[in-house]
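The values are calculated or read from the model by the stated rules, or taken from the named source; none is laboratory data. Remember, predicted model here, so these are calculated numbers, not experimental data. Cβ: placed from backbone, ideal geometry, glycine included. Neighbour counts: every protein chain shown. We work out accessible area using only protein heavy atoms, side chains counted, and drop any ligands, DNA or RNA first. Shrake-Rupley method; radii C 1.70, N 1.55, O 1.52, S 1.80 Å.
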Amino acid sequence: MTAAHKGPVAVVTGGSQGIGQAVTDRLTRDGVTVEVFDIGCEAAVDVTDPNAVAAAVSRIVRCHRRIDILVNNVGIFPHAAFDELDFGAWRRVLATNLDSVFVCSKAVYPWMKQRRYGRIINVSSSAFFVGDFDLTHYAASKGGIIGFTRSLAKGAGRHGITVNSVAPGFIETPGVLASPEERALFDDIVSEQSIPRRGKPEDVAACVSYLASPEASFITGQLINVDGGHRFI
Ligand code: NAI
């Protein structure tokens, strides 16, 4: 954990690779001190474990005395047709993608409220708008994030806290490239986009950077698609 300084402090979940890593790099360039919660890094924090998250948040607050930004980015996307999907696989996706948003938001919210400032950005997915028989669990988790974002935004605004979602389209990340099902979809989706190129983690990070900035103080409860103009909502 880095030493205390006066600038803003962010927690980025799943910040070791892909979109989370690009967000971490971008916020760092913006002058933010970033703490990563990821099972893939040395000081692994599993965001499905409320005790581990609470302990990590306490450590950050002890060190920095503040948490200004939370980016709930962790997500898994295992494909399974509904006929094959069992309750265990359903629960694993919901726990990782949606419960973690509750757990991490719940842990940082009191500190943001105390300082009357906060930016919470939740990473949803264009899969919620498209629908996929192989991704019922994933789409349910990502739709849940949008409802959660709007509802939390309603009460958080009066405390200076904004809550927004971003919905990436197809983005070239290690998670996507490791999945044969995801890789197979890539070229078709690119050809349907208004901007026909592969999305990059940095495209999403740029949007998160804006929503995380003090300038975005009048934007809350919103969802921004970062998908090269694939779907319009
Ligand atoms: P990725 O698989 O490349 O990286 C995910 C990171 O989350 C990894 O570093 C992993 O170690 C970490 N992680 C997984 N489970 C964790 C846990 N329980 N606790 C802590 N860390 C955990 O994923 P990618 O592609 O960068 O996706 C990031 C987010 O963006 C996800 O929520 C995903 O659903 C969403 N998204 C991605 C799209 C894409 O095309 N890449 C499209 C739409 C949404």
message: Once you place label points 7 Å from the Cα toward the Cβ at residue 232 and residue 106, how far apart are they in nm?
response: 4.0
query: Does anything in segment 20-36 have its amide N under 16 Å from the 7 Å Cα→Cβ label point of residue 172, and if so which residues?
result: 22
- prompt: Past the 27 Å Cα-Cα mark, which pairs from 113/200; 142/200; 6/154; 106/154?
  reply: 113/200; 6/154
- request: Find, to one decimal place in angstroms, the Kirkwood hydrodynamic radius of segment 193-233, where the mean of 1/r is taken over every pair of different Cα atoms and then inverted.
  value: 11.5
- line: So, with points 7 Å from each Cα along the Cβ direction, the residue 116-residue 82 label distance in nm works out to 4.9
- prompt: Given H placed 1.01 Å from N in the peptide plane, which residues other than close sequence neighbours of residue 34 have an amide H under 5 Å from its amide H?
  reply: 10
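Would you please classify the overall shape of segment 15-78 from the alpha carbon gyration tensor, given that a ≥ b ≥ c denote the square roots of the eigenvalues, rounded means a/c under 1.5, and beyond that prolate means a/b larger than b/c while oblate covers the rest? Numbers along the way, then the final one.
Values: a/c = 1.97, a/b = 1.05, b/c = 1.87.
It comes out oblate by the Cα gyration axes.
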field: Projected label distance in nm at residue 46 and residue 195, using a 7 Å step from Cα toward the beta-carbon
entry: 3.8
task: Enumerate the amide H contacts of residue 226 below 5 Å, restricted to partners 5 or more residues apart or on another chain; note that Pro and chain-start residues carry no placed amide H.
output: 167, 169
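Can you pull the percent of segment 20-132's accessible area that's carbon plus sulfur, 1.4 Å probe, other chains left in place?
For segment 20-132, the apolar C and S fraction of the accessible surface comes to 53 percent.
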message: From the phi angles alone, apply the Karplus equation (6.51, -1.76, 1.60; θ = phi - 60°) to segment 44-60 and give each ³J(HN,Hα) in whole Hz, x where the residue is Gly or Pro.
response: 4, 10, 8, 6, 8, 9, x, 5, 5, 5, 4, 5, 5, 5, 4, 4, 5
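What number does segment 167-223 give for Rg over Rh if you use C-alpha atoms and the Kirkwood radius? Walk me through the intermediate numbers first.
Numbers: Rg = 14.0 Å, Rh = 13.0 Å.
Rg divided by Rh gives 1.08.
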- prompt: Quick one: Karplus J couplings for segment 210-223, per residue in order, coefficients 6.51, -1.76, 1.60, θ = phi - 60°, nearest Hz, x for Gly and Pro?
  reply: 5, 4, 7, 8, x, 4, 8, 6, 10, 10, 8, x, 9, 10
message: Rolling a 1.4 Å sphere over the protein heavy atoms, what is the accessible area per residue of segment 73-208, to the nearest Å²?
response: 46
task: Kindly provide the pair-distance distribution of segment 1-138 built from C-alpha pairs, with 10 Å bins from 0 and whole-percent values in order of increasing distance.
output: 12, 41, 31, 13, 3, 0
message: If I fit a long axis through the Cα atoms of helix 100-115 and take the longest principal axis of the Cα atoms of the chain, what angle between them do I get, 0 to 90°, rounded to 10?
response: 30
task: Compute the Rg to Rh ratio over segment 45-122 from the alpha carbon atoms, using the Kirkwood formula for Rh, and round to two decimal places.
output: 1.09
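Roughly speaking, to the nearest percent, how much of segment 188-233's 1.4 Å accessible area is carbon and sulfur? Don't skip to the end; give the middle numbers.
Details: 1520 of 2630 Å².
Looking at segment 188-233 in its full context, I get 58 percent from C and S.
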Reference-scaled alpha-carbon Rg (2.2 N^0.38 Å with N residues) for segment 134-233: 1.19
Mean shadow area of the chain over all directions, Cα convex hull, nm²: 12.1
